[in-house]
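To start, the structure itself, in structure tokens.
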Amino acid sequence: MKKLIFLLVIITIQACSDNTVQPSMSNISNSNNLNSELETNVPQSLKMSQSRLNCAQFNLDSIDNMVCTYWKDSRKFKANINIQDYETFSSLIEVNELSPVEYNFFATTKINYKSKSYQAKIFPNSRVQLLDGNKVLNLICSKESCSEPFLWGFATESTIKANPMLADVMMNKLSYIYNYNYKKYLRDKNSQVVRNKVAVKVYFNNPYLDDTSYVTRFVDKAAPLKNAIQEYLNGLTIEEKNLGFESNSFGNNSFTVKIKDNIAKTHFTANDLTTNLRSSQQVIDFSHSIRMTAEQFNSVDATEICVNNSYNYQMAFLANEESIDCPF
């Protein structure tokens, strides 16, 4: 009787053990399906830090190079590109782009998209182009949720109709970059000290900055007013041109200046007043720049300017008025 009971206990334990360690085939199958579904639904994203951007490899003009360099050095390359938030188009014609002209620079990387590996080009206007042989896909970000890695959002006819501000977003960003670079330039200049020299402001026109923008030059301490005006006639450095400054002395190549009753009386001489002159606005910009440059000094409250012995040179030159002789 004891042997019978012992045998029954062994059989019972064995049965329980078999049920515990051996799952059914149907459970294994369901588990694999679930994992497959989870992998499909995992957000597909790309770290911008994995991307490569070498602005020097492209043949860029100064403006495009400035934008490219700013993008490369910005914190935007630490953001994620969330591919799941994009719209897919097979061609740029289908996209019907109203953003500015397609840029000549882009970052490159590899990306897995829908279980395939692609070479990817990442453009600054919220577009990612995927290349696989002859197959091309354009992924367009038109939502705020995916726009962080880019310089500005992508604009199409429909998005611009809904938000007209998108039509100007590139120009706004361009203005921001000029201001950003200019502030950095001023910080660098303000930290410089040049022995036996004094820092002066030389005002030039800059369509991307306000009317009070200037460059810093270091001149001899003797006659700083004369030296500052001479620096204007010397023109711009490459660095200053890259900041958006423009200069045109329209032929003025020599001058005299004296201060009387706190008025800077400046007389310019030009061999040809049409030299490099493209518009009448340049004559006005010249006068404004000379006045701003002269009136930075405490000893100057106002500025009078003559050109080629003409006191009313602007109107004589621009409106053919009869010239008034220079009184100084």
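The values are calculated or read from the model by the stated rules, or taken from the named source; none is laboratory data. Source: prediction; values computed, not measured. Here the Cβ positions follow ideal geometry from the backbone for every residue, glycine too, while neighbour counts run over all protein chains shown. Remember, those area values only see protein heavy atoms, side chains included, never the ligands or the DNA or RNA. Shrake-Rupley method; radii C 1.70, N 1.55, O 1.52, S 1.80 Å.
Worth pointing out:
- Heavy-atom accessible surface of the range 209-304: percent carbon and sulfur, 1.4 Å: 45 percent
- In order along the range 241-253, phi translates into HN-Hα couplings of 4, 5, 7, x, 6, 10, 9, 7, 8, 5, x, 5, 10 Hz, rounded to whole numbers, per the Karplus curve 6.51 cos²θ - 1.76 cosθ + 1.60 with θ = phi - 60° and x for Gly and Pro.
- Per-residue HN-Hα couplings for the range 284-300 [Karplus 6.51, -1.76, 1.60; θ = phi - 60°; Hz; x = Gly/Pro]: 5, 5, 4, 4, 4, 5, 5, 4, 5, 5, 6, 7, 6, 8, 4, 7, 10
- Extension gain from Ser90 to Asp188, taking 0.36 nm per residue of separation minus the Cα-Cα distance: 30.6 nm
- Interchain or long-range residues, amide H under 5 Å from Phe245's placed H: none
- Accessible surface of the range 71-187 [probe 1.4 Å, protein heavy atoms]: carbon and sulfur percent: 50 percent
- Solvent-accessible area per residue, Å², over the range 231-328 with all protein chains present [probe radius 1.4 Å]: 54 Å²
- Computed on the range 249-328, the Cα convex hull volume stands at 84 Å³ per residue.
- With Cα atoms as the point set, the radius of gyration and Dmax of the range 140-219 evaluate to 18.8, 61 Å.
- Computed E for Ser254/Asp73 - FRET, C-beta separation, R0 45 angstrom, nearest 0.05: 0.60
- You can think of it this way: the chain between Gln50 and Asn234 has 61.8 nm of extra reach, that is 0.36 nm per residue less the Cα-Cα gap.
- Legend: calculated FRET efficiency, Ser323 to Arg278, from the Cβ-Cβ distance at R0 = 22 Å, rounded to 0.05, equals 0.45.
- Residue-wise HN-Hα couplings along the range 67-80, as the Karplus relation 6.51 cos²θ - 1.76 cosθ + 1.60 with θ = phi - 60° gives them from phi, are 5, 4, 5, 4, 4, 4, 8, 6, 6, 5, 6, 9, 8, 8 Hz; Gly and Pro carry x.
- At R0 = 25 Å, FRET efficiency that the Cβ-Cβ distance of Ala167 and Ser62 yields, to 0.05: 0.55
- For the range 291-328, GluC sites (Glu not before Pro) meeting the loop criterion (DSSP other than H, G, I, E, B) and having at most 12 other Cβ atoms within 10 Å: Glu322.
- Maximal additional length on extending the Asn104-Lys241 stretch stands at 47.2 nm, based on 0.36 nm per residue less the C-alpha distance.
- Two-site label geometry, Val136 and Lys221: point separation in nm, points 7 Å out along Cα→Cβ: 6.4 nm
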